[in-house]
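To keep things clear, I will list the structure first and then write my remarks on it.
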Amino acid sequence: MLRSLLVALAALLASPALTAPASAAPPVWTVRDADSEIVLFGSMHVLPKDLGWKPPALDAALSRADDLWFEVPMDAAADRRMQDLAGAYGLLPPGQTLTSRLKPRAAARLRKLADRLDVPMSEVERLKPWMAEVRLTTAAFALDKGLAEDGVERRLQAAAPPKVVRRAFETPDQQMALFAGAPEADQVRTLNATVRQLEKDPGAYRRLVAAWSKGDQKALERAVVGGMRKSSPALYRQFIVERNARWMDALQARLAGSGRTVVVVGAGHLLGPDGLPARLRALGYDVEGPR
């Protein structure tokens, strides 16, 4: 569960009660050349259990796919590795506390939120800022049954035919390095922003899931990448722009060959001018789907 939450932190904040829309239609993009097809699907890593979301185009693509790509592997070995890495890199040195790194007002907000979410402060105090953000966000999701076990990747990993080869753009070590390696000032800034969001805007997650379910690209871009792009350009470059650029190498190599591929990554990686669809269009590929 931790792996998916780590990826989701930049986009997903609070988690109020949700109801499934009458007709869910998350966006799908299809990229083609003479002998290749890549179907791109932007995921929500954390979803309520009973939310219906899978578009027919994605089911059809999976049924004929040769390979299925995720951000990181979705198997038990990768889960164990991510948990080990979180324990190694998510804790402060003995004798140090999280609140000592925060301004008094921010520390007070953190304590209040932890109490509301029933997360012991004795546990939170031991965490580095990025891991505290994971812990509090996890607790907020759990209040409304929003769980990574019910996110897109977990469901597709189980649902895709056995013949479909599972692949990944990153290793657990590479993804963990993104979080653990961020400057502490940036970690504190995003932790404070998440605490404020969880405290003041309990409708954020509901609106995000609704926008995703309806395929509302403008609302998704505002919610998922707009805030990060404005408030923390360095993190936006690190978490979105630079990763997308690396992933493009794999996509272009796949298009240079032949066959059918499905790519499932966080929705933020497919949005706006830095998103994978826009990058592929800029290179001249035929891309069907939202602009």
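Within this structure, residue 246 passes the test of being under 23 Å from residue 228 (Cβ atoms), open to solvent by 10 Å² or more (accessible area, probe 1.4 Å) and touching a residue at least 40 places away in the same chain (Cβ under 8 Å). Residue pairs whose Cβ atoms lie under 7 Å apart, sitting 6 or more positions apart in sequence or on different chains, and linking a residue in region 280-291 that is touching a residue at least 24 places away in the same chain (Cβ under 8 Å) to a partner that is open to solvent by less than 40 Å² (accessible area, probe 1.4 Å) and part of a loop (DSSP other than H, G, I, E, B), are 289/27; 290/27; 290/215.
Give the residue, chosen from 46, 39, 72, 31, that is modelled with pLDDT under 90, β-branched (Val, Ile, Thr) and either closer than 18 Å to residue 269 by Cα or touching a His at 6+ places or on another chain (Cβ under 9 Å) (or both). So the residue among 46, 39, 72, 31 that is modelled with pLDDT under 90, β-branched (Val, Ile, Thr) and either closer than 18 Å to residue 269 by Cα or touching a His at 6+ places or on another chain (Cβ under 9 Å) (or both) is 46. Restricting region 117-141 to residues that are without any contact (Cβ under 8 Å) to a residue 60 or more places away in the chain and part of a helix (DSSP H, G or I), the residue that is farthest from the chain's Cα centre (by Cα) is 122. Would you confirm whether or not region 260-277 contains a residue that is out of contact with any strand residue (DSSP E or B) (no Cβ under 7 Å at 6 or more places or on another chain), more than 19 Å from residue 151 (Cβ to Cβ) and part of a helix (DSSP H, G or I)? Checked region 260-277: no residue is out of contact with any strand residue (DSSP E or B) (no Cβ under 7 Å at 6 or more places or on another chain), more than 19 Å from residue 151 (Cβ to Cβ) and part of a helix (DSSP H, G or I). Considering region 155-190, the residues that are in a loop (DSSP other than H, G, I, E, B) and charged (D, E, K, R) include one that is surrounded by the fewest Cβ atoms within 10 Å (Cβ to Cβ), namely 163.
Report yes if residue 223 is in contact (Cβ under 8 Å) with a residue 24 or more places away in the chain and not in a helix (DSSP H, G or I), otherwise no. Answer is no for this residue. For region 191-212, filtering for residues that are modelled with pLDDT of 85 or more and either in contact with a strand residue (DSSP E or B) (Cβ under 8 Å, 6 or more places away or on another chain) or buried (at least 20 other Cβ atoms within 10 Å of the Cβ) (or both) leaves 6. A count restricted to region 222-242 and to residues that are open to solvent by less than 40 Å² (accessible area, probe 1.4 Å), modelled with pLDDT of 80 or more and in contact with a helix residue (DSSP H, G or I) (Cβ under 7 Å, 6 or more places away or on another chain) stands at 6. The single condition among (1) closer than 30 Å to residue 166 by Cα; (2) open to solvent by 50 Å² or more (accessible area, probe 1.4 Å); (3) of a type outside the set (Phe, Trp, Tyr) that residue 103 does not satisfy is (1). Going by what's in this entry, would residue 111 be described as free of Cβ contacts under 8 Å to residues at least 60 places away in the same chain, out of contact with any helix residue (DSSP H, G or I) (no Cβ under 8 Å at 6 or more places or on another chain), farther than 15 Å from residue 188 by Cβ and in a helix (DSSP H, G or I)? It is false that residue 111 is free of Cβ contacts under 8 Å to residues at least 60 places away in the same chain, out of contact with any helix residue (DSSP H, G or I) (no Cβ under 8 Å at 6 or more places or on another chain), farther than 15 Å from residue 188 by Cβ and in a helix (DSSP H, G or I). Against the test of being closer than 17 Å to residue 40 by Cβ and out of contact with any Asp or Glu (no Cβ under 6 Å at 6 or more places or on another chain), the options 245, 234 yield a single qualifying residue, 245.
Of all residues in region 43-100, those being in a loop (DSSP other than H, G, I, E, B) and more than 22 Å from residue 187 (Cβ to Cβ) number 13. Among the residues of region 38-59, those that are closer than 22 Å to residue 291 by Cα and open to solvent by less than 60 Å² (accessible area, probe 1.4 Å) comprise 38, 39, 40, 41, 42, 43, 44, 53, 55, 57, 58.
The values are calculated or read from the model by the stated rules, or taken from the named source; none is laboratory data. Since the structure is predicted, the reported quantities are computational estimates derived from the model, not experimental observations. FYI the Cβ positions are ideal-geometry reconstructions off the backbone, even for glycines, and counts take in every protein chain you see. Ligands, DNA and RNA are excluded from the accessible area calculation, which covers all protein heavy atoms including side chains. Shrake-Rupley method; radii C 1.70, N 1.55, O 1.52, S 1.80 Å.
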